[in-house]
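Written out below as structure tokens is the structure these notes cover.
The values are calculated or read from the model by the stated rules, or taken from the named source; none is laboratory data. These numbers come from a predicted model, not from an experiment. Cβ: placed from backbone, ideal geometry, glycine included. Neighbour counts: every protein chain shown.
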Amino acid sequence: MPSYNYGLLGSLLFVGVLLTIIPLPALADLYGRKKIYTATMVAELCVHALMVYNSNLNFHYFLIICTGMAFAGRVLVGLNLLIEFMHCKIWQENVVNFGNWNESLFSLFMVGYYKFVSNNWLGLFNSFFFMGLAGFLLVVIYVPESPRFLYSQGRYAEARNVIIKVALFNGVTRDPETGIDLKSFKFEKEIALIN
């Protein structure tokens with residue numbers, strides 16, 4: 001394989017990211033962050049499974065573009081969803097830093113694995129595929145829909161339940177600014193609808 005093909009693989013990943021960097025967050029605002037996030041996780045898992053069995057270079061280029069598309073959705077939409085569930089500004093600001101450290105450590109792990117353990121990429125690839133599958137199942141089972149999305153759709157009771165659930169998980173029982181017990185919390189628009 002000519003050396004320019006290696007650079008093309010990395011460039012096509014960014015082509016996929018650029019194709020979806022604007023429409024996927026907008027779609028998440030229309031259809032819900034959790035739906036778009038899980039859809040991009042499924043897409044990424046499918047693409048990675050296809051990569052294992054693919055032997056056609058041109059199809060591999062297409063799969064790399066699809067990986068970039070799924071990656072952009074998973075990261076952008078997932079980051080917004082995660083930040084909504086943080087109860088503290090410091091945690092919200094450090095989520096991105098944690099993600100960068102996580103990716104850096106993963107890269108170092110990959111280099112160490114290939115240098116000192118094994119050149120067998122298939123076993124490593126399969127283990128990461130199954131970790132991604134486990135992560136997908138955890139998201140489907142445990143992660144609620146975005147309270148901002150629910151609020152924007154006028155689904156106030158659902159949004160309130162998600163906020164209370166996340167607050168209790170984070171150990172917060174009262175609004176720190178007003179001191180109101182979260183279980184008796186209501187949105188202003190919700191109160192206006194009742195009156």
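Go through (1) more than 14 Å from P144 (Cα to Cα); (2) in a helix (DSSP H, G or I) and name the single condition K35 misses.
(1)
Which condition does Y151 not pass, out of (1) over 22 Å from L79 (Cβ atoms); (2) of a type in the set (S, T, Y); (3) modelled with pLDDT of 80 or more, if it passes all the others?
(1)
Collect the residues in the stretch 136-147 that are more than 14 Å from the chain's Cα centre (by Cα) and surrounded by 16 or more Cβ atoms within 10 Å (Cβ to Cβ), keeping them in residue-number order.
If the condition is that a residue be more than 14 Å from the chain's Cα centre (by Cα) and surrounded by 16 or more Cβ atoms within 10 Å (Cβ to Cβ), then P147 is the only one that fits.
Could you say whether any residue in the stretch 6-20 is in contact with a Leu (Cβ under 7 Å, 6 or more places away or on another chain) and assigned to a helix (DSSP H, G or I)?
no
In the stretch 16-41, what residues are among the hydrophobic types (A, V, I, L, M, F, W, C) and surrounded by fewer than 16 Cβ atoms within 10 Å (Cβ to Cβ)?
L18, L19, I22, A26, L30
Residue by residue, here is whether (1) part of a helix (DSSP H, G or I); (2) under 24 Å from V75 (Cβ atoms); (3) aliphatic (A, V, I, L, M) holds:
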| residue | (1), (2), (3) |
| --- | --- |
| G135 | yes, yes, no |
| P144 | no, yes, no |
| V162 | yes, yes, yes |
| A167 | yes, no, yes |
